[in-house]
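This report concerns only the one structure given below.
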Amino acid sequence: MQQSMHGMWSSRLAFILAAAGSAVGLGNIWRFPYLASDHGGGAFVLVYLACIALCGLPILIAEVMIGRHGHRSPVLTFQEIAAQTGASRAWSGIGWMGMVAGVLILSFYSVVAGWTLHYTWLYLRELLGGPGIADPSATFGELLGNPLELTLWHAAFMLMTVAVVALGVEKGLERAVKFLMPALFGMLFLLLGWGATTGHLGDAAVFLFKPDFSRIDGAVFLTAMGQAFFSLSLGMCAMMTYGAYLPREVSIPRAAIGVALTDTAVALLAGLAIFPIVIQYIGTPTGGGPGLIFTSLPNAFAQMGALSGLVFFFLLVVAAWTSSISLLEPTTAYLVERTRLSRRAAAASVAALAWLLGLASVLSLNRWQEVRILGFGIMDFIELVANDLMLPLGGFLISVFVGWVLSGRIVREQFEGVPEAVFRAWLVLVRYVAPILVGIVLVRGVMARF
Ligand code: TRP
């Protein structure tokens, strides 16, 4: 098959924008800066870059490759490959696990994205002459303590996600990213400019890039690897699904390098935009977590003006939006292939399921705050299982499958026109380096956390 029944990207750029849109999200603008600040700045950044290059990039190439070979949703693609090559049909379990992980991640991702919608609204209201945020920690606390409010914003974000996916690959996903990604870059550079006017760009750069090697320990590797997977949207077959819509003539390694570079650049630029503002208005960045974005920065925006707050939170909304569609698309595609549901009905059903599951995360922030699963709150537990276990496990299995099980003929077909040296280097990474490193991180992560 040369085409997917779901449609195809119209160009290499369309694929890169869509895949980079999936990759660039809350993970880059909210999670990366505070992880870097928690784990020694430059030391963490260095390990993170190594994880991206040695594991992230080869597995990204592997996912896109499998997807383009099958031109179908992950489960059916694995089944077809199994039939063609005599591999076990059990490999399609990777696709199943990916769909489960996608729905789980979407359930809490949409809740957090709902917070960013709420803040966008608060700043818009202020800009239109309404009241401003007087006490940022109280505002954040009130939001988290209000299940109804959280549920409505969560629902609003989920509807935005369904609206795009329901329209399909060309009219929905591609049109959305062609419009949203330039807006995202524009807002990022605007913030970078604001950050630079504080005169602290240099301090921020030192903070982010000057490695303190004494800070590199086992925990840094675990965290950096997890972040590499999450940031590149790997391990749950989202990139595989996007690969299914990739036309034959596009070189996969080149496109994948474009995506990985964009994702990494946005994370670093987000740090260079946020830290000068933090340093100017709040002081030396220490730790962060949700607080960095939702409580510290509003303190700065109170002095910089409501427009800066609006731009920042709208940037987060856009980044989260182009990511959430990639969480919904694989399962939607599967239902379209396997049931008689229309794309619209399929997307709406999966989103409804993720929305319902998200209510558990909403309630774990207030009414069910005391509920513990293996010592974790509900939202943290879902995040832990999906991000830290299912994604690396998925990535590990994908690299083993492509490196050791998939027939050489199928692999070579997808590397047509790619220089031999690039192919050889990728093969070594995907066969040995990635599975070994990811395997170590996975085992150590499980031992450390449970
Ligand atoms: N990469 C996104 C971010 O950085 C989140 C995301 C979207 C994702 N799709 C994914 C993570 C698939 C893992 C798997 O925010």
> Only one of (1) away from the ligand (no atom under 16 Å from the Cβ); (2) acidic (Asp, Glu); (3) open to solvent by less than 20 Å² (accessible area, probe 1.4 Å) is not met by ASP263, so which one is it?
Replying inline: (1)
> PRO330 versus (1) open to solvent by 20 Å² or more (accessible area, probe 1.4 Å); (2) within 18 Å of ALA244 (Cβ to Cβ): which is the lone unmet condition?
Replying inline: (1)
>> Being at pLDDT 95 or above and of a type in the set (Val, Ile, Thr) narrows it down to one residue among ILE293, ILE252; which is it?
In response: ILE252
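Conditions (1) assigned to a helix (DSSP H, G or I); (2) touching a residue at least 12 places away in the same chain (Cβ under 8 Å), marked per residue:
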| position | (1), (2) |
| --- | --- |
| LEU54 | yes, yes |
| PHE78 | yes, yes |
| ALA87 | no, yes |
| TRP91 | yes, yes |
| VAL103 | yes, yes |
| PHE108 | yes, yes |
| LEU148 | yes, no |
>> I'm told LEU188 meets every condition in (1) under 28 Å from MET99 (Cα atoms); (2) within 16 Å of the ligand (Cβ to nearest atom) except one. Can you identify the failing condition by its number?
In response: (1)
> Residues THR120, THR85, THR116, THR151: which one is hydroxyl-bearing (Ser, Thr, Tyr), in contact with a Leu (Cβ under 8 Å, 6 or more places away or on another chain) and within 16 Å of the ligand (Cβ to nearest atom)?
Replying inline: THR116
> So, of the residues in segment 266-282 that are open to solvent by 20 Å² or more (accessible area, probe 1.4 Å) and out of contact with any Gly (no Cβ under 8 Å at 6 or more places or on another chain), which turns out to be farthest from SER37 (Cα to Cα)?
Replying inline: TYR281
> Is there a residue in segment 229-245 that is under 14 Å from the mean Cα position of the chain (by Cα), part of a helix (DSSP H, G or I) and of a type in the set (Gly, Ala, Ser)?
Replying inline: yes
> Could we say that ARG125 is outside any helix (DSSP H, G or I), touching a helix residue (DSSP H, G or I) at 6+ places or on another chain (Cβ under 9 Å) and at pLDDT 95 or above here?
Replying inline: no
>> Could you check segment 219-246 and list, in sequence order, the residues that are more than 16 Å from ILE59 (Cα to Cα) and either aromatic (Phe, Trp, Tyr) or within 7 Å of the ligand (Cβ to nearest atom) (or both)?
In response: PHE221, TYR245
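Conditions tested, residue by residue: (1) charged (D, E, K, R); (2) farther than 24 Å from THR322 by Cα; (3) touching a residue at least 12 places away in the same chain (Cβ under 8 Å).
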site	(1), (2), (3)
VAL177	no, no, yes
ALA183	no, no, yes
GLY195	no, yes, yes
GLY199	no, yes, yes
ASP212	yes, yes, yes
ASP217	yes, yes, no
PHE221	no, yes, yes
> For segment 88-124, what are the residues that are among the hydrophobic types (A, V, I, L, M, F, W, C), open to solvent by less than 10 Å² (accessible area, probe 1.4 Å), closer than 16 Å to LEU393 by Cα and within 17 Å of the chain's Cα centre (by Cα)?
Replying inline: ALA101, ILE105
> Where residues in segment 345-390 are polar (S, T, N, Q) and in a helix (DSSP H, G or I), which of them is nearest to the ligand (Cβ to nearest atom)?
Replying inline: ASN387
> Does ALA183 fit the bill of being under 30 Å from ILE105 (Cα atoms) and either surrounded by 20 or more Cβ atoms within 10 Å (Cβ to Cβ) or within 16 Å of the ligand (Cβ to nearest atom) (or both)?
Replying inline: no
> If only one of LEU310, LEU341 is among the aliphatic types (A, V, I, L, M), free of Cβ contacts under 8 Å to residues at least 60 places away in the same chain and surrounded by fewer than 24 Cβ atoms within 10 Å (Cβ to Cβ), which one is it?
Replying inline: LEU341
> Given the conditions (1) among the β-branched types (Val, Ile, Thr); (2) at pLDDT below 95; (3) within 15 Å of the ligand (Cβ to nearest atom), and given that ILE274 satisfies all but one, which numbered condition is not satisfied?
Replying inline: (3)
>> Whether any residue in segment 7-17 is surrounded by fewer than 22 Cβ atoms within 10 Å (Cβ to Cβ) and touching a His at 6+ places or on another chain (Cβ under 9 Å) is what I want to check.
In response: yes
> Does any residue of segment 415-422 turn out to be assigned to a helix (DSSP H, G or I), of a type in the set (A, V, I, L, M), over 20 Å from VAL164 (Cβ atoms) and open to solvent by 60 Å² or more (accessible area, probe 1.4 Å)?
Replying inline: yes
>> Only one of ARG31, ARG72, ARG68 is within 16 Å of the ligand (Cβ to nearest atom), touching a residue at least 60 places away in the same chain (Cβ under 8 Å) and among the basic types (Lys, Arg). Can you tell me which?
In response: ARG31
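The values are calculated or read from the model by the stated rules, or taken from the named source; none is laboratory data. Just so we're clear, the structure is a prediction, and the values are computed from it rather than from any experiment. Glycine also receives a Cβ, built like all others from the backbone with ideal geometry; neighbour counts cover every protein chain displayed. Accessible surface areas use protein heavy atoms only, side chains included; no ligands, DNA or RNA. Shrake-Rupley method; radii C 1.70, N 1.55, O 1.52, S 1.80 Å.
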